[in-house]
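Read the structure below first, then the notes.
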Amino acid sequence: MVFLLVISLLALLFASSSMPIAYALGLSALLSAYIFIDLPIFLLAQKMVSGVNSFTLLAIPFFMLAANLMNEGGITTRILSVFNGIFGAFRGALGLASVGANMLLAGISGSAVADATATGSVLIPAMRKSEYPPAFAAAICAVAAICGPIIPPSIPMVIYGVVARVSIIELFVAGYIPGLMLGFSLLAYVWVVSRIRNFPAEGKVSLREIGSRIRHAALGLVMPVILIVGIFGGVFTITELGAVLVIYALLVAMLAYRTLDFKGLGSCLTSAALDTANVMFIIGISGFFAYLLVIEGVPNLVADYLQAHISNPIIVLLVFNLVFLIAGMFLDSTPATIILVPILLPIAVEFGVDPVHFGMIAVFNLMIGLVTPPVAMTLYISARIAEVPISRAIVETIPMFALLIVVLGLITFVPELTLWLPRTLGY
């Protein structure tokens, strides 16, 4: 059955590039179950409902709505203005601003797609106007956006925590150092490339002007502070934290800045509802797909094979990275997490890998998939905004991809980069 399950999934994915991943997962699972197991159809509905029946998952619509409110309410634009001023005197100022802004926005939205859309729609046209190569503009905005799910809050970490039954707060705390490593690595890359390729500076901005922009965006800049205090202080649960961010963003956009009206609010609510429905549908379908793998004994077969043929934990970690990296190229992070984590996490634990460390490896690999074809969601978004062929944007991402692999290697083989902060804070 497993052979038919995998082959039918791949066939559906490649036969129609427009077919949603949830449909492909569901159809392949139903076909395999009907032919080999004769499971009743109602079991699909039962598994879908049980798959999304988690209070923690309520955090997802809150984080999505907070990101929409920031973008629609002009909070994101004010934050971008601050970073444009800070980096204005440097070559490649707009590229540096893109990375810096994404690092800050990562501490609010938790969604790479939302960040890529928000920063790309503002900075990519500005970079084109300043005669940056459009492909480079698309590439740097796409790659910088993957800081979003690594620096907390993180929707993929929420899903991993639910599947792996790991403390999501601990996962969030563990994400800060890897996320900052990624962000500062990209800043260094843009700075070096900008000097080599002679990218323009935007002009030095006076300290008075920078201070004015910071005051103008202060209420938005405070949002990550609320999140950090909430996480480290244990003030809120994950779901409560999402609700607090939504309320704060709503008050800032509607009452303080007065840049969001009820029509814009309705648009934000509709968009967040549709995005949430899409994620929850994928979670439900993926749960049924994973259920079939479990009843066929795939986790045990994989565990037995690895334990029989591999004894070196380093090799095991390399295998895990390769599996998640390939999965991220073809699957969205949600189904990849739900399908692969129940199979691979028990094996990782047997080899002494901490579940939090394993979670960071999984999330980082799957986020690389956002800039790796054929999925490459953030890259497609940025290339569309830049009006450049995706092939040209891919070429520009190759050196950045190498940088991502280096950071991934450090995270994988130096576990303390992930685990030191949670342990220091007593988790």
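Within the group L317, L404, L331, which residue is within 30 Å of S121 (Cα to Cα), at pLDDT 90 or above and surrounded by 18 or more Cβ atoms within 10 Å (Cβ to Cβ)? Let's see the steps before the verdict.
Working: L317 fails: within 30 Å of S121 (Cα to Cα); L331 fails: at pLDDT 90 or above.
Sole residue among the options that is within 30 Å of S121 (Cα to Cα), at pLDDT 90 or above and surrounded by 18 or more Cβ atoms within 10 Å (Cβ to Cβ): L404.
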Every residue from the stretch 268-298 that is outside any helix (DSSP H, G or I) and in contact (Cβ under 8 Å) with a residue 12 or more places away in the chain:
E296
With a cut-off of at least 3 residues that are in contact with a Pro (Cβ under 8 Å, 6 or more places away or on another chain) and more than 27 Å from V192 (Cα to Cα), name the helices (runs of 4 or more DSSP H) lying wholly within the stretch 68-165.
155-164
Output for Cβ contacts, cut-off 9 Å, separation at least six or different chains, first residue touching a residue at least 40 places away in the same chain (Cβ under 8 Å) in the stretch 308-325, second of a type in the set (S, T, Y) and part of a loop (DSSP other than H, G, I, E, B), reads L325/T372
Please enumerate the residues belonging to the stretch 250-267 that are over 17 Å from A59 (Cβ atoms) and part of a helix (DSSP H, G or I).
L251, V252, A253, M254, L255, A256, F262, K263, G264, L265, G266, S267
Hits in the stretch 105-142 - residues which are surrounded by 24 or more Cβ atoms within 10 Å (Cβ to Cβ), touching a Gly at 6+ places or on another chain (Cβ under 8 Å) and of a type outside the set (G, A, S):
L105, D115, M127, F136, I140, C141
Selection status of F63, within 14 Å of the chain's Cα centre (by Cα) and part of a helix (DSSP H, G or I)
yes
Please work out which one of (1) without any contact (Cβ under 8 Å) to a residue 24 or more places away in the chain; (2) touching a helix residue (DSSP H, G or I) at 6+ places or on another chain (Cβ under 8 Å); (3) of a type outside the set (S, T, Y) is the condition F262 fails and give its number.
(2)
Subset of the stretch 85-94 (residues that are under 12 Å from S206 (Cα atoms) and either in contact with a Leu (Cβ under 7 Å, 6 or more places away or on another chain) or charged (D, E, K, R) (or both)):
F87
Residue pairs qualifying under the 7 Å Cβ cut-off, at least six apart or on distinct chains, with the first in the stretch 190-213 being within 12 Å of V82 (Cα to Cα) and the second being among the β-branched types (V, I, T) and buried (at least 16 other Cβ atoms within 10 Å of the Cβ), are I210/I86; R213/V82
Only one of G92, G161 that is in contact with a helix residue (DSSP H, G or I) (Cβ under 9 Å, 6 or more places away or on another chain), on the phi > 0 side of the Ramachandran plot and buried (at least 24 other Cβ atoms within 10 Å of the Cβ):
G92
Those residues of the stretch 230-249 which are part of a helix (DSSP H, G or I) and either more than 20 Å from the chain's Cα centre (by Cα) or farther than 30 Å from P422 by Cβ (or both), in sequence order
G230, F232, E240, V244, I247, Y248, A249
For the structure I just gave you, tell me whether L306 is under 27 Å from the mean Cα position of the chain (by Cα) and of a type in the set (A, V, I, L, M, F, W, C).
no
Any residue in the stretch 409-416 that is of a type in the set (F, W, Y), within 15 Å of G179 (Cα to Cα) and in contact (Cβ under 8 Å) with a residue 40 or more places away in the chain?
no
Looking at the stretch 202-229 only, could you name the residues that are surrounded by 16 or more Cβ atoms within 10 Å (Cβ to Cβ) and either under 25 Å from the mean Cα position of the chain (by Cα) or outside any helix (DSSP H, G or I) (or both)?
E202, V205, A217, L219, G220, L221, M223, P224, I226, L227
Which one of the conditions (1) closer than 30 Å to A277 by Cβ; (2) in contact (Cβ under 8 Å) with a residue 24 or more places away in the chain does G95 fail to meet, given that it meets all the rest?
(1)
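The values are calculated or read from the model by the stated rules, or taken from the named source; none is laboratory data. In this text, all values refer to a predicted model and were calculated from it rather than measured experimentally. Ideal geometry is used to build each Cβ from the backbone, glycine not excepted, and the neighbour counts take in all protein chains shown.
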